[in-house]
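Let me begin by presenting the structure, written as structure tokens, before commenting on it.
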Amino acid sequence: MAKIVSVTANTAIDLLIEADGLYRLDNLIAESSREFACGKGINAAKAVESLGHPVICLGFAGRQSIGPFNALNSGLLHTDLIAVEGKTRTNITLSDRSAGRETHIRTPGYRVTPEDCRGLAEKIEASVLAGDIVILSGSLPAGAPDDFYRTLIGMCRRKSAVTFLDSSGRSLAEGIKAGPDLIKPNLQELEELAGTGLKTTSAVLKAARSLLGLGIGRICVSLGDEGVLAVDAASALAGRVRPCPIEKATQVGCGDALVAGLAVGLLRRLPWDDCVRLGIACGTANLYSPEPGRFNAERAADILTEVEITPNLSG
């Protein structure tokens, strides 16, 4: 049976600090402080687990901080990360609910070697079978070549696996040259690929369609509260939740949960519009959870009924 494999080259420890008055006071006591083993691919894997599907997590983690990632192992989620020299980076989220604002601070982490990269490629090649869905998520760590995702996607495609790419910058620009089956840029990332601002729905659709010519199967553009635009060779559709939730624990990991929902939908052989519905429901359910990717499946099922799909977009 086909499985989902999540690859996180640049794992992270997410530190969430909640403190009201953060943006108007110089000294204050935090209301809460929580740490989670994360990284975009790890978040996506936790979301797959939340939907009740098994998932394998591959990638790197700093030798000094691999413990929290090993602790994620469960009956459905299996981590098999390569320990590299150094420490996993820390992503700090400062949340002030009274102001409705979040500030994100990212610290540098480990550096990988060519031997580390070869080791991960070999592990992926040994794990992936035809029909598997491979999610390649996040930035690349220092030391990894810009075309690392391109190499991994090419390898997975040769094994007849389905590839999802959710990255940014050079790693995204290089990765799409291998023709992944799906990419999930946000608006800013799509604008960077297009080399211009995209102010209208028609402009976003035109930019997405131009990328299909590079061999990409599907493009799902995440637009935050405005939902998503999903484009492939046969269709273009928009999806969003109405009304969009007002109360949010954190927005961290919502895009990763969206990717997980799309992957699980494809694994379930759902029609594409239903895959988009599930992805949006998962991304929205993630808003209510302080831990990225770890959401309540029943809440996601309830939200699923509130997702509106607009098919046959033109522009």
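Restricting to the stretch 88-113, name every residue that is over 22 Å from the mean Cα position of the chain (by Cα) and touching a residue at least 24 places away in the same chain (Cβ under 8 Å).
To start, the set of residues in the stretch 88-113 that are over 22 Å from the mean Cα position of the chain (by Cα) comprises 96-100, 113.
Scanning the stretch 88-113 gives Asp96, Arg97, Ser98, Ala99, Thr113.
Among the hydrophobic types (A, V, I, L, M, F, W, C) and touching a Cys at 6+ places or on another chain (Cβ under 7 Å): which single residue out of Ala30, Ala12, Ala71, Ala61 fits that description?
On the way: Ala30 fails: touching a Cys at 6+ places or on another chain (Cβ under 7 Å); Ala71 fails: touching a Cys at 6+ places or on another chain (Cβ under 7 Å); Ala61 fails: touching a Cys at 6+ places or on another chain (Cβ under 7 Å).
Exactly one residue qualifies, and that residue is Ala12.
Quick check, is Ile153 assigned to a helix (DSSP H, G or I), under 24 Å from Arg268 (Cα atoms) and modelled with pLDDT of 95 or more? Quick ask: steps written out before the conclusion?
Numbers: assigned to a helix (DSSP H, G or I): yes; under 24 Å from Arg268 (Cα atoms): yes; modelled with pLDDT of 95 or more: yes.
When the stated conditions are applied, Ile153 passes them.
Considering only residues of the stretch 36-76 that are surrounded by fewer than 13 Cβ atoms within 10 Å (Cβ to Cβ) and under 20 Å from the mean Cα position of the chain (by Cα), which is farthest from Tyr149 (Cα to Cα)?
Filtering the stretch 36-76 for residues that are surrounded by fewer than 13 Cβ atoms within 10 Å (Cβ to Cβ) and under 20 Å from the mean Cα position of the chain (by Cα), the one farthest from Tyr149 (Cα to Cα) comes out as Gly52.
Quick one: which strands (runs of 3 or more DSSP E) lie wholly within the stretch 7-105 and hold at least 3 residues that are within 18 Å of Thr250 (Cα to Cα)? Give the steps one after another, and end with the answer.
Working: elements: 12-18, 32-38, 55-62, 77-84, 89-96.
Once the strands (runs of 3 or more DSSP E) in the stretch 7-105 are filtered for at least 3 residues that are within 18 Å of Thr250 (Cα to Cα), what remains is 12-18, 32-38, 89-96.
Please find, within the stretch 139-159, the residue that is surrounded by the most Cβ atoms within 10 Å (Cβ to Cβ) out of those that are over 12 Å from Ala121 (Cβ atoms) and in contact (Cβ under 8 Å) with a residue 40 or more places away in the chain.
Filtering the stretch 139-159 for residues that are over 12 Å from Ala121 (Cβ atoms) and in contact (Cβ under 8 Å) with a residue 40 or more places away in the chain, the one surrounded by the most Cβ atoms within 10 Å (Cβ to Cβ) comes out as Pro141.
Filter the stretch 77-97 for residues that are among the acidic types (Asp, Glu) and closer than 23 Å to Arg111 by Cα; which is surrounded by the fewest Cβ atoms within 10 Å (Cβ to Cβ)?
Pass one, the stretch 77-97, residues among the acidic types (Asp, Glu): 80, 85, 96.
After this cut, where a residue has to be closer than 23 Å to Arg111 by Cα as well, the list is 80, 85.
Values: Asp80: 14, Glu85: 12.
Within the stretch 77-97, the match that is surrounded by the fewest Cβ atoms within 10 Å (Cβ to Cβ) is Glu85.
Collect the residues in the stretch 294-304 that are out of contact with any Ser or Thr (no Cβ under 8 Å at 6 or more places or on another chain) and within 30 Å of Leu198 (Cα to Cα), keeping them in residue-number order. So that I can check it myself, show each step before the final result.
Taking the stretch 294-304 as the starting set, the residues that turn out to be out of contact with any Ser or Thr (no Cβ under 8 Å at 6 or more places or on another chain) are 298-299, 301-302, 304.
Passing the criteria: only Leu304.
The values are calculated or read from the model by the stated rules, or taken from the named source; none is laboratory data. Just so we're clear, the structure is a prediction, and the values are computed from it rather than from any experiment. Don't worry about glycine lacking a Cβ; one is built from the backbone with ideal geometry, like all the others, and counts go over all protein chains shown.
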